[in-house]
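Report on one structure; see the data block that follows.
Computed from the coordinates by the stated procedures, all read-outs in this text should not be read as laboratory data. Predicted, not measured: the structure shown is a model, and the values here were computed from it. Here the Cβ is made from the backbone with ideal geometry for all residues, glycine too, and neighbour counts use every protein chain on show.
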Ligand code: SF4
Ligand code: SF4
């Protein structure tokens, strides 16, 4: 295929433009206008707090389920998705409704985290979200490793299902099934879910 070449001509300056003085005066006028109509854009932090956009990616939070418990099922998908290996999870068995495991340890190392949000995207059951807090300073490195006890927020509730969200989404024909009785019906239908011990 032939390569198309487009020749661009260097613009010729008029004698007026070659003086450069009008441009300098124009620039100074803009500076003067900013001086006269001066509006401070700095914020007197921490007395004043900046309003953040709704999709701001701050420190993580673990939302609660309807019973006020941690929703996480320790599937470790967030741990795998994290590009900086900032998340470490140790699972333990759980026999609560709809879950087999829960996190015994769930740590995020904020010395490594780049706030990309991949972990939140990877979570199949809305058990991890990016919060709005950004105050992260610490006097030592250990203080930057946050445990689940630090970022669990019982005031943030989620009603998404905790077992195989995609499957339940499909079974609900576009509606996420988020009521325990609906989920139980799907389990009976498919036979793929069995309660522990049965
Ligand atoms: S926000 Fe990104 S870097 Fe931070 S823990 Fe999640 S996946 Fe890892
Ligand atoms: S992906 Fe969600 S449910 Fe799985 S371990 Fe991470 S936070 Fe918990």
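Before moving on, here are some points about what is shown:
- Peptides 44-52, 56-64 ranked from most to least packed give 56-64, 44-52, packing being the mean of other C-beta atoms within 10 angstrom over each peptide's residues.
- Taking the average, over residues, of other Cβ atoms within 10 Å as the packing measure, peptides 79-91, 15-27, 122-134 rank 122-134, 79-91, 15-27 from highest down.
- Sequence-distant contacts, meaning Cα pairs under 8 Å at least 6 residues apart, place the relative contact order of segment 2-148 at 24 percent.
- Efficiency of FRET from Cβ geometry, residue 144 and residue 104, R₀ 25 Å, rounded to 0.05: 0.75
- The smallest convex shape that holds all Cα atoms of segment 60-157, its convex hull, gives 93 Å³ per residue.
- Whole-percent pair-distance distribution, where bins are 5 Å wide, for the alpha carbons of segment 1-77: 3, 8, 7, 8, 8, 7, 7, 8, 7, 9, 8, 7, 6, 5, 2, 0
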